[in-house]
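Chemist: Structure provided below as structure tokens; questions to follow.
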Ligand SMILES: C[S@@+](CC[C@H](N)C(=O)[O-])C[C@H]1O[C@@H](n2cnc3c(N)ncnc32)[C@H](O)[C@@H]1O
């Protein structure tokens, strides 16, 4: 019975995501360039070894997979998403960028999808969530599921909305209302949850706040200071930083 109701919830969520993105997917990359801040900074933390298999959970239009595949010609890239609408754009985009032979996508729900089984692999050296945990209803379950799919020595990388701690109250409230229209909810307690889970698994979690807490970047690995996570590391999203610094005191 529990299994049955979970399936119904997942089906409803998949439908909602398809409804949100059916038409938006055509303008998605253009419109999200500025407000999905930190995605290039996240890609810089991946430090992808040759031959690695990289998985993006909630890969959307495949924007990150294509950028990373172009920069890492010796690695293979996998993505899944609950919206089959978004995946149509992702596979077209990878083919157009000439990386279609190294980028593989499939539909799945982050809460329970076994990407190892779907792609017939033992695991992934890198797993990433880019602005997807804030849309997955049971995001704790999704992150736990992701850690299970890492190879030994692998790392998990998250970028998502933060607590916007340095934002004026009214701007924060407006932003949260705006995000809710798209079924996005910044996850209170995400950093604590991830750090605790990492510790339980004998891993470290390194957290960086970007742009006054607008976004948070977390890397879970067996390295206490992974690539791109030193406080002095510059954000790779140069244009986006300029844009946000104008908005944030
Ligand atoms: C804001 S978009 C981010 C897309 C991409 N990661 C990026 O950075 O451009 C969030 C994505 O998460 C997907 N998503 C939401 N809930 C999901 C779930 N339960 N399982 C898998 N994907 C999900 C949505 O369909 C959407 O494509």
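The values are calculated or read from the model by the stated rules, or taken from the named source; none is laboratory data. Please read all numbers here as calculations on a predicted model, not as lab measurements. So basically every Cβ, Gly included, is an ideal-geometry build from the backbone, and we count neighbours across all protein chains shown.
Per-residue answers, yes or no, for (1) more than 19 Å from residue 214 (Cα to Cα); (2) within 11 Å of the ligand (Cβ to nearest atom); (3) touching a residue at least 60 places away in the same chain (Cβ under 8 Å):
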{"residue": "18", "(1), (2), (3)": "yes, yes, yes"}
{"residue": "30", "(1), (2), (3)": "yes, no, no"}
{"residue": "43", "(1), (2), (3)": "no, yes, yes"}
{"residue": "48", "(1), (2), (3)": "yes, no, yes"}
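Chemist: Quick check: anything in region 171-190 surrounded by fewer than 22 Cβ atoms within 10 Å (Cβ to Cβ), in contact (Cβ under 8 Å) with a residue 12 or more places away in the chain, touching a strand residue (DSSP E or B) at 6+ places or on another chain (Cβ under 6 Å) and part of a helix (DSSP H, G or I)?
Modeler: no
Chemist: With respect to the numbered conditions (1) away from the ligand (no atom under 16 Å from the Cβ); (2) under 20 Å from residue 206 (Cβ atoms); (3) surrounded by fewer than 22 Cβ atoms within 10 Å (Cβ to Cβ), which one is the sole condition not fulfilled by residue 95?
Modeler: (2)
Chemist: Within region 157-191, which residues are within 30 Å of residue 49 (Cβ to Cβ) and away from the ligand (no atom under 14 Å from the Cβ)?
Modeler: Correct list: 162, 190, 191.
Chemist: Also, I was wondering about something else. Do you know which residues across region 36-64 are farther than 21 Å from residue 228 by Cβ and surrounded by fewer than 20 Cβ atoms within 10 Å (Cβ to Cβ)?
Modeler: None - no residue of region 36-64 is farther than 21 Å from residue 228 by Cβ and surrounded by fewer than 20 Cβ atoms within 10 Å (Cβ to Cβ), so the list stays empty.
Chemist: Looking at 124, 119, 113, 143 in this structure, which one is near the ligand (Cβ under 9 Å from one of its atoms) and touching a strand residue (DSSP E or B) at 6+ places or on another chain (Cβ under 9 Å)?
Modeler: 113
Chemist: Quick check on my filter: what residues within region 74-92 are under 25 Å from residue 24 (Cβ atoms), away from the ligand (no atom under 11 Å from the Cβ) and touching a helix residue (DSSP H, G or I) at 6+ places or on another chain (Cβ under 8 Å)?
Modeler: Within region 74-92, 77, 78 qualify.
Chemist: Just one of (1) within 14 Å of the ligand (Cβ to nearest atom); (2) under 18 Å from residue 130 (Cβ atoms); (3) touching a helix residue (DSSP H, G or I) at 6+ places or on another chain (Cβ under 8 Å) trips up residue 35, so point out which.
Modeler: (3)
Chemist: Determine the pairs where a residue that is farther than 22 Å from residue 148 by Cα, located within region 218-234, has a partner that is modelled with pLDDT of 80 or more and assigned to a strand (DSSP E or B) with Cβ atoms under 7 Å apart, the partner being 6 or more residues away or on another chain.
Modeler: 229/206; 229/208; 229/219
Chemist: Related question: Quick one: how many residues across region 79-89 are crowded, with 23+ Cβ neighbours inside 10 Å and more than 18 Å from residue 159 (Cβ to Cβ)?
Modeler: Here the count works out to 3.
A quick yes/no check of all residues on (1) touching a helix residue (DSSP H, G or I) at 6+ places or on another chain (Cβ under 9 Å); (2) assigned to a loop (DSSP other than H, G, I, E, B); (3) closer than 25 Å to residue 80 by Cβ:
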| site | (1), (2), (3) |
| --- | --- |
| 134 | yes, no, yes |
| 137 | yes, yes, yes |
| 140 | yes, no, yes |
| 193 | yes, no, yes |
| 196 | no, no, no |
| 217 | yes, no, yes |
| 229 | yes, yes, no |
| 233 | yes, yes, no |
